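Colleague: Okay, handing you the structure first.
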Amino acid sequence: MGTPSLEHICEGALLAAGGPLTLDQILALFPDEGRPTRDAIAAAIEALRRGFEGRACELVEVAGGWRVQVRREVAPWVGRLWDERPQRYSRALLETLALIAYRQPITRGEIEDIRGVAVNTQIVKTLLEREWVRVVGHRDVPGRPELLATTRRFLDYFGLRSLNDLPPLAEIRDPAFLGDELDLGEPKAPMGDLFANLVAVTEGSGQGPEGNN
Amino acid sequence: MGTPSLEHICEGALLAAGGPLTLDQILALFPDEGRPTRDAIAAAIEALRRGFEGRACELVEVAGGWRVQVRREVAPWVGRLWDERPQRYSRALLETLALIAYRQPITRGEIEDIRGVAVNTQIVKTLLEREWVRVVGHRDVPGRPELLATTRRFLDYFGLRSLNDLPPLAEIRDPAFLGDELDLGEPKAPMGDLFANLVAVTEGSGQGPEGNN
Amino acid sequence: MGALVEPSAAPQGPDAPPADAGPRQGELPFAIVQGSPLLTLPLDLYIPPDALEVFLDAFEGPLDLLLYLIKRQNLDILEIPVAAITDQYMTYVDLMSELRLELAAEYLVMAAMLCEIKSRMLLPRPADADTEEEDPRAELIRRLQEYERFKNAALEIDALPRLDRDHFPTQAAVPPGHSRRLPPTVDLREVLLALREVLARADLYTSHRVEKESLSLRERMSLVLELLSDGEFRVFTDLFPYDEGRPGVVVTFLAILELTRGASLELIQPEPFAPIHVRLRTPEAPRHALRILSPTAAADWDPDEEA
């Protein structure tokens, strides 16, 4: 094939990488002299993405960059390459994960408050081991509980580009018997901005703190 | 893409497998009922092989079965994905480099006199290979030891216009300088910002050449 | 593309589980007792402790159980009939304690909360609107809603296509031998810290004082050596830069003197007032750093073919 085109180099790298690659990682494959521009790489990736249409794989953007993945339609057969069935996660684990994803950074105690039951230590351990969740700090209250947040690996695993791609949270409705004077108030988001953004996106716009219906 | 074709299933499996697959392994992906014939699989593989022509990867038969691999032409770029992570340089190397920068042209013996220990040959070799240091002459004393000096590349790497941009020794001796308040974060390759800070500090003090004590 | 191979009727593939096999509250049997699903709790019947345990295990705590009780009756959380729900809830709790099942503390706390709400609902509410009192159910409703939204979010996250189940990354093989060993990156600060340490150590010996020399002089010494690195003679005056003004000339002159003093250079003047030539010292050269040749010797001397 002679000297490979930019698109071929990107294709080879993305097919071989086994995980997402950022534009910068792709740029780093080229020596300093003769390094293509970011725009050229981006254009090659876009051409590649279209080229994958109708094939067994697709090129998708996730938090960690661009990734070639086997299409969902083929997964049932391909999954049989590996003996173990894909893991199913308990509701307790998924609820804990959901709370960390939507309410991060969050302490274990805050998770317990919302779920109404103690958080199983093993669940948090599993989430940490899978590197879906990590400790990002400690809340400055007695006991200095750990603050948990999701990782880029979590986003990559679930094919998300950012937390904004999470399915929107359901709204909280005010009971009919409550007048406006009663502010049920969303429990204050621990670390303001991150969560404020998340809420704004997930709960839709043009809605008060707790949309009244 | 609807129900996947046999060819798509083979393509997905071969790309995801991370190693060669035999026809039997591919056959085993299908449940007993509705399993295609070996001939059908072989035909699909042949179609796939031709489909890969002119792309970044190729489908080749190796001892372990069929494997998708990056074409040789693309390998020089793709192989860089697995560049070996750099180790850190030893303290001895950094000390040697610093002495060459501040006391050039300097012989190995003079470096040993100041450091109080022998200079490892490998260290000088590494500095020469990195092209941060070179031999600029020989001192005319018995043994004619090499005189070492820093290079233009050294200045470029550390973002210096000339050696005068290095902070004077007096400042380096000051325990407050380079202290934690000057935390410059992770070592980024060539460090524009770091150096901007340093220059600001050194220039602010009306730096003479090399202030003593 | 060749024959379509459809392994089973379900489009999910060979042996995919039913699409919504996940537990769905409100449709989930309490338990499977001897093969048959137990859809409503037979309060009037003996319940094997095992079954009750399974039943309780299906819930993620008191809030989940309450949500189940509400949804089972197609009630809206917002209009929760506290009296009826409390009675049902208490039935379970009583049953559990009768059976001496270990009851998680959360269930008891919720029981106490429900009883309190129920009793407050029974109290006559003050007639005047000024002292409007919060509905006793408000906090419970808020908690139920809050829990429910995350319970649903968990189901949605579970439904997201994910690696190892719905997608697989590709891993094409790469011919070996193309990866490189990268040199470490170095921070100038590291170099300076290293130097500080050397200086601290050197100070202990005090025999090595760092002299007062400017780095520009040191740099110029290196440059002069580099200019002469081919071992050839250069005309002395050619070593001086003319674009750096007086300081440039001075520093270059000092550098040449310093190098000559250190016997790295030799200066040669064939005869008085003739141009001075400079080159690197070589082992074969005579020991004098500065030679002024005698007029006779100078007559034969040619800098370009120096022995």
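The values are calculated or read from the model by the stated rules, or taken from the named source; none is laboratory data. Note that the coordinates shown come from a computational prediction; the quantities given were computed from them, not determined experimentally. Glycine gets a Cβ as well: all are built from the backbone with ideal geometry, and neighbour counts include every protein chain shown.
Colleague: For segment B:136-149, give me each residue that is more than 7 Å from chain C (Cβ to nearest Cβ) and closer than 14 Å to B:T96 by Cβ.
Modeller: Of everything in segment B:136-149, those that are more than 7 Å from chain C (Cβ to nearest Cβ) and closer than 14 Å to B:T96 by Cβ turn out to be B:E146, B:L148.
Colleague: Can you tell me which residues in segment B:51-65 are without any contact (Cβ under 8 Å) to a residue 24 or more places away in the chain and out of contact with any strand residue (DSSP E or B) (no Cβ under 9 Å at 6 or more places or on another chain)?
Modeller: B:E53, B:G54, B:R55
Colleague: What is the residue count in segment C:249-274 for residues that are in contact (Cβ under 8 Å) with a residue 40 or more places away in the chain and surrounded by 22 or more Cβ atoms within 10 Å (Cβ to Cβ)?
Modeller: Kept after step one, since they are in contact (Cβ under 8 Å) with a residue 40 or more places away in the chain, are these residues of segment C:249-274: C:258, C:265.
Going one step further and asking which of them are surrounded by 22 or more Cβ atoms within 10 Å (Cβ to Cβ), we end up with C:265.
Final tally of qualifying residues: 1.
Colleague: Would you list the helices (runs of 4 or more DSSP H) that sit entirely within segment A:1-117 and hold 3 or more residues that are touching a Ser or Thr at 6+ places or on another chain (Cβ under 6 Å)? Before you say what the answer is, go through the steps one by one.
Modeller: Values: elements: A:6-17, A:23-27, A:38-51, A:75-78, A:91-103, A:108-115.
No helices (runs of 4 or more DSSP H) qualify here.
Colleague: May I ask you to list the residues in segment A:152-185 that are at the interface with chain C (Cβ under 7 Å from one of its Cβ atoms) and at pLDDT 80 or above?
Modeller: Across segment A:152-185, the qualifying residues are A:Y157, A:F158, A:G159, A:P167, A:L169, A:A170, A:I172, A:R173.
Colleague: Which of the residues belonging to segment A:3-24 are more than 7 Å from every other protein chain (Cβ to nearest Cβ) and surrounded by fewer than 18 Cβ atoms within 10 Å (Cβ to Cβ)? It would help to see each step written out before you state the result.
Modeller: Narrowing segment A:3-24 to residues more than 7 Å from every other protein chain (Cβ to nearest Cβ): A:3, A:5-7, A:10, A:14, A:20-24.
Across segment A:3-24, the qualifying residues are A:T3, A:S5, A:T22, A:L23, A:D24.
Colleague: A further question follows. Mind counting the residues in segment C:218-238 that are within 14 Å of chain B (Cβ to nearest Cβ), part of a helix (DSSP H, G or I) and touching a strand residue (DSSP E or B) at 6+ places or on another chain (Cβ under 9 Å)?
Modeller: Quick first cut of segment C:218-238, residues within 14 Å of chain B (Cβ to nearest Cβ) only: C:218-232, C:234.
Add one more test, that the residue is part of a helix (DSSP H, G or I), and what stays is C:218-227.
Now drop any that are not touching a strand residue (DSSP E or B) at 6+ places or on another chain (Cβ under 9 Å), which leaves C:218-219, C:221-227.
Adding up the residues that qualify gives 9.
Residue-wise test of (1) buried (at least 18 other Cβ atoms within 10 Å of the Cβ); (2) at negative phi; (3) acidic (D, E); (4) touching a residue at least 60 places away in the same chain (Cβ under 8 Å).
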site	(1), (2), (3), (4)
A:L48	yes, yes, no, no
A:R67	yes, yes, no, yes
A:L81	yes, yes, no, no
A:G109	no, yes, no, no
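Colleague: Given the condition under 25 Å from B:A56 (Cα atoms), surrounded by 15 or more Cβ atoms within 10 Å (Cβ to Cβ) and either modelled with pLDDT of 95 or more or within 11 Å of chain C (Cβ to nearest Cβ) (or both), answer yes or no: does some residue in segment A:85-93 qualify? Walk me through it before giving the result.
Modeller: Step one: list which residues in segment A:85-93 are under 25 Å from B:A56 (Cα atoms), which gives none.
No; the residues of segment A:85-93 include none that is under 25 Å from B:A56 (Cα atoms), surrounded by 15 or more Cβ atoms within 10 Å (Cβ to Cβ) and either modelled with pLDDT of 95 or more or within 11 Å of chain C (Cβ to nearest Cβ) (or both).
Colleague: Also, quick follow-up: Going through C:T91, C:T86 one at a time, which residue ends up being in a helix (DSSP H, G or I) and at pLDDT 90 or above? Full working, then the answer.
Modeller: Working: C:T91 fails: at pLDDT 90 or above.
Result of the check over C:T91, C:T86: C:T86.
Colleague: Separate question: State the number of residues belonging to segment C:223-269 that are among the β-branched types (V, I, T) and either within 50 Å of the chain's Cα centre (by Cα) or under 20 Å from B:I100 (Cα atoms) (or both). Step through it out loud before you land on a result.
Modeller: Here is the first cut: in segment C:223-269, the residues among the β-branched types (V, I, T) are C:224, C:235, C:237, C:249-252, C:256, C:260, C:268.
In the following step, the residues that additionally are either within 50 Å of the chain's Cα centre (by Cα) or under 20 Å from B:I100 (Cα atoms) (or both) were identified as C:224, C:251-252, C:256, C:260.
Total satisfying the criteria: 5.
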